[in-house]
Amino acid sequence: MTRGGRQAPTLAGLGLRIGFVAVAALVVANALLAWVALGAVEKRLEPVIQDKARVLARSIANDLYKAVRLDIPLDSLRGVDAFLDNLLTDHPEIAYLAVTDPKGRMLFSAKAGNGAEGAALPFAANAGEARAGMFVSSGFEYNIAYPLVHDGNRIGHATIRIDRRYVRNTMGGIFTDIGISLCVAVLIVLELTLLVLSLTVARSTGLMRRFMHAVSEGDFSASIAARGQDDLGRVIDAMNGINAEINRRFRAVASGGSAAALERLREGRVFAEGDAYRPVQVLRAGDVQYPLFFFIFGVELSRPFFPLFVRDLYDPSLGIDASIAIATPMSVWVIAMLFTTPIAPALIRRLGTRNTLLMGMAPTSVGLVATAFATGFIELIGWRCLTAAGFGLVTAVILVRLAMTAPERRRALNIGVFVTATGGGSVCATAIGGILAEHLGYENTFIVGAAIVFVAISIAFGFLSPDEGMGARVGAPASRRRRFGIYGNARFMAFMALSALPSRIVLTGFLFFLVPLYLDSIGFGGAAIGRTMMIYFLVLLVMNQAAALIADRFQNHGVLILAGGVSAAAGCLLFVSTVDSLPLACGIALIGIGQSFVMTPQVAALPTYFRNETEAFGTGTVTVAFRVVERAGSIAGPLLAGAIVAAAGLERAGVLIGYGTFVTTALLALFLATGVISRRH
Amino acid sequence: MRLLVILNAAFLCAFAVTMALMILLNQQKFADILRGLDDSRVSVVTLDTSRRLRQAVDLGLPLKNIAESRSIVDALIADYPELQSVSIFDAGGHVLVHRGNELDSGRNEAPAVWISDNRAAEGEVWRIEDPESFIVGAPVVNNFGKLEGGVAVRYSKVRHSSIVSGLTNELLESAAIIFLASGLLAVLGTAAALWRLARTARYLRQSVENLLKPDPDDAPADTTLVEFAGYSASVRETAATLAAAEGRAR
C-alpha cells in the first residue's frame, strides 16, 4: 500500500516541526523586540542623564565656590574626595567625578565601581579646552566640564563622566523577567501545538483507525461524527460514504432477497439495520490534559503573592491575629474542595464529563474575578470558597476521567498526564504570576487568571463530547463500617501522622504560606518571589518521575520517604537561615526534592505496609483515608504556620516546621526499623 | 486549511501576549529609571537651594527675612524651565516665596502634606506626587537643629508621561511590524509542515473512494495506516458478496 518516498508524517514528527517553527518565530520576534526596546530606551534616557550630570556639575561647582569665595585655595580644601565619593554613591550613572586646576592637573577625584586606581582620566586633563557645560563623547562615556570662576578668572573645573552602559545595565534587571516570560511562552506554544494536533490530527487518526478496525472485523454499522471540513475530515466523510453505500445496498438486497442470501451476507458481518449507525468514539487521556494545563495555570497564577494579597485585606477589627487571618483562606480553600470532590462521580454519571467540568470551571473563573474585587476579608473567604469548590470538582472529574479511559496496565501513565499538566501549569503560573503581580497589581493578575481559566473552558467546551461519561459506573460506594473503620487503625494513623501530615504541612504551611511572606519581608518583589517558588514546581516536575522509577525499581519506598523527610526539613531550615538568593533557591529545591521523594512512594507503599488493612477495608477506602488525612494536613498547615508566626515570628516558624519534620521523620525511621509499620506479611 | 487556521490563530495569540508583556516590562522599567533620574536631578537642585538658605539661617536670620531667597527662586525658575513651581515656606506652612504655577492650597499656605512630610524628613529630601506633578522637597534646619521651614519644587508629570508614551508608541509600531513578520514566518512554516499531512490525507481519501468504484482512478494508494489493508479487503469482499446477491436477486 505504501509507495516509496511517500511516507506519511508521524504525529511526533509533525508536532516537532510545527513546534520548532512556532518557537523559532516567537524567540526571534521577542529577541528583535528586546533589541529595538533597548535602543529606544537608550535614545530617550541619554539626554535625561546629560541634564542630570549638568545639574550635578553645577552643584559641585557651587559647593566648591563657597570655599573659594573665602579665598581658600582650591587645592587646600580638605574632605573633597570623601564628598565626591558620597556623590558617586547617590548617583549610580556617574562613572567618575574630578576637580582639576585650570591647567588640567587633578586635584580631587572619585571613581565608581572597580575602575583601576590611578588610571588616566584623559578628559579631566583637557577639561579647560571643553566649553563649559558642553558634553564631549568618548567611547562608552560622556564627559562634561563645569568651570569654577572666581573674580572673573577660571580657577578650575568640576568634571563628570557618565557611564553610558548604565542604561544597559539597569535595563538588564528586566532581562530575567523577559527570559522567564519567554520560557513560559515557549512552553505554552508547545502545549498549544500539541493541543491542536492532539484534538484534530490525533483524534481523527484514532477515529479512523478504530473505524477501519471495525470494518475489517466485518462491522459496517459504525459511523464517525465528523467535526469540520479539513483534509482528514474529508477522509472520514469518504469512509462514512463507503459504509452508507454498503448499508444501502444491503437494505436493497434485504428488501427483495431470499433469507438464505441474507444469511450469507450477515455471516461474520454487522450492518446498520434500520439506518441506525453506531457512533465511533475514542476517549484519550490527552483530551483533558490541555484544559487541565490552562485551568491550573489560571488558578495558580496567584500562588506567589496570595498571602500578601490577603495581608492587604486583613481587617484587625475582626479580632483575629494577622498571621492566622492570612492562613485562613488557604485552609478554607481545602475545606471547600472537600465538599465538591466526592460528588464528581455522581455528576459525571448524570451530566457527562464535559458538562461537569464546565460546572467546575465556571465558578472558578467567577470566583477569581470576584476575589480580585473583594473589598473585605470575609468577602474574600466567600469568594475563595466558590473558587475552591469549582477547583475541587474539576480536579476530581479529571482524575475520574483519566481512570475511566485507562486500561488497568496504563493507569499510572494516565495519572502521569495529570501530574504533567498540573506541574507544567504550576511552573508557568508561579513564574508569570509574580511578574504580572509586580507590574499589573494583584487584582489584575486574578483577572488574567480568570481569563486563562476561560481558555480552559473554551477548550473543554469545543473538544469534549457532551454525552461522554454519562451513565458510567465509577466505583461502588463502600459500607459505612468499611469507610470509617480504617481511621481507628493505630498503625495506619501513626504512618499518616509521621509521613502524610508533615509533608502537607511543609507544602501548605511552609511553601505556600510562609515562603511568600518571608521573601517579602527580606525585600523580594513579586517577580522574584514567583521565580523562587517556581523552583519547587520545576524540581517536582523532574523528580516526581525519577522518584517513581526509583521506588518501583528498587522497592525501597521507606528509604525514599525518610530521605524525602530529611531533605524537606533541611530545605526549611536552610531557607529561613539566609537572605541570599542562591541558598534560598537551594532551600526551595531541597523541599521540592523532599516532597517528590515522599509523595509518590507514600501512595505506592500503602498496599505493602498495610496489606491486612487493604484486605479488610479495600484498596479504595485505604487510599481515600490517605487522601483525607493529606487534606487535613493541608487545612492544618497554613493555620499551624500562622499560629507559630503569630507567636514566634517568621524565621522561628520556619525553624520549628523544619525541626518538627526532622523529629517526625526520625520517629518514622524508628517505627520502620523496628517493624512497627513496615512488618512484612 | 482548518488545522492551519486553528494552529496559527493559537500561535498568533501567544505571540501577541508575549510581545505585549515584553512592551509592558520595558515600558515600566523605563518609566522607573526616568522617574529616578528626574527625581534625582530635581533633588540636587532642591538640596542646593535648601543648603543656600541654611547658610543664611545659620547666621541667625529667620527664613522670612532672607532677602536672597527671592533671587534664588527666580534663578531656579529661569534656569530650569521644566519646573512648575518653587516654593519656600516657614515651619508653620506659610508660603514666603513662590514662583511658577499656583498652588491648589492658595497663594499663602503650603499643602498640609508638605508641612507634615517636611517635618518628618529629618534633614533629608522628601518626595510626594499629586495628580499633575511630582514634588521634591527639603527642610531648612538651622545650626541649632530647629526646623525653620522648607523648599518644595514641583515638576510636571506631563513631560514624564509624554516621554514614556513616546517609547510605548515606538515599541508598539515596531512590535506590529515584528508581529506581522513572525506571524508570516509561522504561517509559512506551519503550512510547509502540514503540506505532507494534507497530501497523505488526499491519497487516503482517493484510496477509500476507489474501493467501490468499478473502474478505480489511477490514484496512488498511499497510506501508512496498517489498518487500511484489512479495511479495504473487508470492503471489497463485502462489496463482492453484495454484488453476487444483487445478481442473484435480478
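Given 20 °C and 1.002 mPa s, compute D for the range A:167-310 with the Stokes-Einstein relation, Rh being the Kirkwood radius over Cα pairs; round to the nearest whole µm²/s.
Details: Rh = 19.7 Å.
After rounding, the answer is 109 µm²/s.
Shape verdict for the range B:1-88, please, from the Cα gyration tensor: rounded (a/c under 1.5), prolate (a/b greater than b/c) or oblate. Show your work: numbers first, answer last.
Values: a/c = 7.66, a/b = 5.04, b/c = 1.52.
Since a/c reaches 1.5 and a/b is larger than b/c, the shape of the range B:1-88 is classed as prolate.
Using a basic spin-label model with each label point 7 Å from the Cα along Cα→Cβ, how many nm lie between B:Leu180 and A:Ala322?
5.3 nm
Taking the Cα-to-Cβ direction at B:Ala78 and at A:Arg652 and moving 7 Å from each Cα, how far apart do the two end points lie in nm?
Spacing of the two 7 Å Cα→Cβ label points: 6.4 nm.
If R₀ is 35 angstrom, what is the calculated FRET efficiency for the pair A:Gln545 and A:Arg165, using the beta carbon separation as r and rounding to 0.05?
E(calc), rounded to 0.05, equals 0.20.
Counting pairwise Cα distances across the protein assembly as shown, what percent come out greater than 54 angstrom? Please list the in-between numbers first.
Details: 153375 of 432915 pairs.
Cα-Cα pairs of the protein assembly as shown separated by over 54 Å account for 35 percent.
Expressed in nm to one decimal, what extension gain is obtained for the pair A:Leu77 and A:Trp35 from 0.36 nm per residue of sequence separation less their Cα-Cα distance? Before the final figure, lay out the partial values.
Working: separation 42, 0.36 × 42 = 15.12 nm, distance 4.67 nm.
So the extension gain works out to 10.5 nm.
Output wanted: per-residue J couplings in Hz (rounded whole) for the range A:367-383, from phi through Karplus 6.51 cos²θ - 1.76 cosθ + 1.60, θ = phi - 60°, x for Gly and Pro.
Here the 3J(HN,Hα) series is x, 5, 5, 5, 4, 4, 9, 4, 10, x, 5, 5, 4, 4, 4, x, 5 Hz.
PRE reach from A:Ser581 (point 7 Å along Cα→Cβ): which of the range B:10-35 fall under 20 Å by backbone N?
Answer for this model: B:22, B:25-30, B:32-33.
Quick one: if the Förster radius is 60 Å, what FRET efficiency do A:Thr674 and A:Phe461 give, using the C-beta to C-beta distance and rounding to 0.05?
On the way: r = 55 Å, r/R0 = 0.92.
The value I calculate is 0.60.
Rounding to the nearest 10 and keeping the result within 0 to 90°, find how far the Cα-based axis of helix B:68-79 lies from the longest principal axis of chain B.
Value to nearest ten degrees: 30.
Shape call for the range A:511-558 from the C-alpha gyration tensor, a ≥ b ≥ c root eigenvalues: rounded (a/c under 1.5), prolate (a/b greater than b/c) or oblate?
prolate
Please average, across the residues of A:47-55, the number of beta carbons from any other chain that are within 10 Å of each residue's own beta carbon, and give a whole number.
Values: counts 1, 9, 4, 0, 5, 9, 1, 1, 9.
Mean inter-chain Cβ contacts per residue within 10 Å come to 4.
If the reach is capped at under 26 angstrom between alpha carbons, list the lysines near A:Lys43, excluding any in the same chain fewer than eight residues apart.
The reachable lysines, counting only those whose Cα sits under 26 Å from A:Lys43, are A:Lys52, A:Lys111, B:Lys29, B:Lys157.
Which ordering of A:Ser204, A:Ser198 is given by a fewest-first count of other beta-carbon atoms within 10 Å? Each step should come with its number before you reach the end.
On the way: A:Ser204 23, A:Ser198 20.
If I rank by nearby Cβ atoms, fewest first, I get A:Ser198, A:Ser204.
Sticking with the crude label model, points 7 Å out along Cα→Cβ, report the distance from B:Glu132 to B:Met1 in nm, one decimal please.
5.9 nm
Only loop residues by DSSP count here, and only those with at most 15 other Cβ atoms within 10 Å; note down the trypsin sites (Lys or Arg not before Pro) in the range A:50-110 that meet that.
Values: sites: A:Lys52, A:Arg54, A:Arg58, A:Lys66, A:Arg69, A:Arg78, A:Lys103, A:Arg105; in loops: A:Arg78, A:Lys103, A:Arg105.
Those satisfying the criteria are A:Arg78, A:Lys103, A:Arg105.
Would you mind checking the tilt of helix B:157-210 against the longest principal axis of the Cα atoms of chain B, expressed as 0 to 90 degrees and rounded to 10?
10 degrees
How about the range A:582-681: which trypsin sites (Lys or Arg not before Pro) there lie in a loop by DSSP and see at most 15 other Cβ atoms within 10 Å?
Details: sites: A:Arg611, A:Arg627, A:Arg631, A:Arg652, A:Arg679, A:Arg680; in loops: A:Arg679, A:Arg680.
Filter output for the range A:582-681: A:Arg679, A:Arg680.
Taking the 0 to 90 degree range and rounding to the nearest ten, how far is the long axis of helix A:175-197 tilted relative to the main principal axis of chain A, both from C-alpha atoms?
So the helix axis and the longest Cα principal axis differ by about 20 degrees.
Given a Förster radius of 30 Å and the C-beta distance between A:Arg350 and A:Ile378 as r, what FRET efficiency does 1/(1 + (r/R0)^6) yield to the nearest 0.05?
Details: r = 33 Å, r/R0 = 1.11.
Step by step, r from the Cβ atoms, then E = 0.35.
Given 0.36 nm per residue, what is the gain on full extension from A:Lys103 to A:Tyr65 after removing their alpha carbon distance, in nm? Don't skip to the answer; put the middle values down first.
Numbers: separation 38, 0.36 × 38 = 13.68 nm, distance 1.80 nm.
Full extension from A:Lys103 to A:Tyr65 adds 11.9 nm.
Every number in this text was worked out from the coordinates using simple rules, so none of it is lab data. No experiment lies behind these values; they were computed from the predicted model shown. Neighbour counts run over all protein chains shown; Cβ positions are idealised from the backbone, glycine included.
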